[in-house]
Amino acid sequence: MRGVLVTFEGIEGSGKSTQLLRLSERLRRRGVDHLVTKEPGGTALGAEIRRLLLTRHASGEIWAPEAELLLFYADRAQHLKAVIRPALDAGQVVLVDRFEDSTRAYQGASGIPEDALNHLRDLVLQRLRPHLTVLLDLEPEQGLTRAGTRNEALPGFQETRFDEAAVDFHRRVRQRFLQIAKDEPQRVSIVPAKEDPAVVEAGVWRAVSPLLRSSGFEVEKKSRASKTSL
């Protein structure tokens, strides 16, 4: 594997997608060959899983936590095989909007035991781990307010199932993200997400740029543009 895997994590409304795309544009201007993708839904099959996971079913039926967990890992297994591993093998920087830590935070907060999470992680990821995870940290109340504003601005937007969960659930999710960062400080960089997006963007670049330089990417050089699957 010659590329670099950078993942973006955080609660709903933390600005992950915005900051990932801002970083992508910065890399594009510098000619860094990179790929932007997301979970769930980074493949054609994964897009169907995403719809099942993030939208309310007309019947009102709710996924059992174990069923939800397996769907997320089915999406990840396909994503790794079809998109992420080939891009890393080709030497690209891969930017992923949500990855393994989101599963550990969200499904862990839903009551899935750690040993089950560890077993599926080892089965699907094998030895692969992100080189860097950017954790955009925000109070759940502010994040949910942002998510609500976003949803109202997108008529017909249906990916709101997690946004609609109780605030106590989002507090548990945030604490699980913070615990992951505490346990793996060499991998996870916490960037406060409550400030203006430009300020947050600068914090993201401070976290990412040393890794790219140390990995041999010429972050100041202008070259070809990237391709994007998001």
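Rounded to the nearest 10 degrees, what's the angle between the helix 140-152 long axis and the longest principal axis of the chain, both from Cα atoms, 0 to 90? Helix 140-152 and the main axis of the chain meet at about 90 degrees.
Considering only DSSP beta bridges whose two residues both sit in the chain, what percent are antiparallel, to the nearest 5? Before the final figure, lay out each step's value.
Numbers: 0 of 21 bridges.
Rounded to the nearest five, the antiparallel share is 0 percent.
Can you spot the aspartates and glutamates whose alpha carbon is less than 20 Å from K81's alpha carbon? Ignore those fewer than 8 places along the same chain. Counting by Cα, and skipping residues close in sequence, K81 has these aspartates and glutamates nearby: D33, E39, E48, D89, D97, E100, D101, D122.
A 1.4 Å probe, protein heavy atoms only, puts the accessible area of Y106 near 10 Å². Relative to the dominant Cα principal axis of the chain, helix 197-214 is inclined by about 60°. Across the stretch 1-87, the mean sequence separation of Cα contacts (distance under 8 Å, 6 or more residues apart), normalised by length, yields a relative contact order of 28 percent.
From the Cα gyration tensor of the stretch 1-119, with a ≥ b ≥ c the square roots of its eigenvalues, which class applies: rounded if a/c is under 1.5, or else prolate if a/b is larger than b/c, or else oblate? Prolate, since a/c reaches 1.5 and a/b exceeds b/c.
The 1.4 Å probe gives accessible areas that order K38, K182, largest first, as K182, K38. Between the Cα long axis of helix 167-183 and the first principal axis of the chain there is an angle of about 40°, rounded to the nearest 10. Note on D196: accessible area approximately 90 square angstrom, rounded to 10, probe 1.4 Å, nucleic acids and ligands left out.
Only protein heavy atoms count here; under a 1.4 Å probe, R213 has an accessible surface of about 120 Å².
Once the Cβ-Cβ distance of A116 and A58 is raised to the sixth power relative to R0 = 25 Å, the FRET efficiency obtained is 0.25. Considering only alpha-carbon pairs that sit under 8 angstrom and 6 or more positions apart, the relative contact order computed for the chain is 39 percent.
The values are calculated or read from the model by the stated rules, or taken from the named source; none is laboratory data. Since the structure is predicted, the reported quantities are computational estimates derived from the model, not experimental observations. Methodologically, a virtual Cβ is constructed for each residue, glycine included, from the backbone with ideal geometry; neighbour enumeration extends over all protein chains shown. For accessibility, only protein heavy atoms count, side chains too; no ligands or nucleic acids. Shrake-Rupley method; radii C 1.70, N 1.55, O 1.52, S 1.80 Å.
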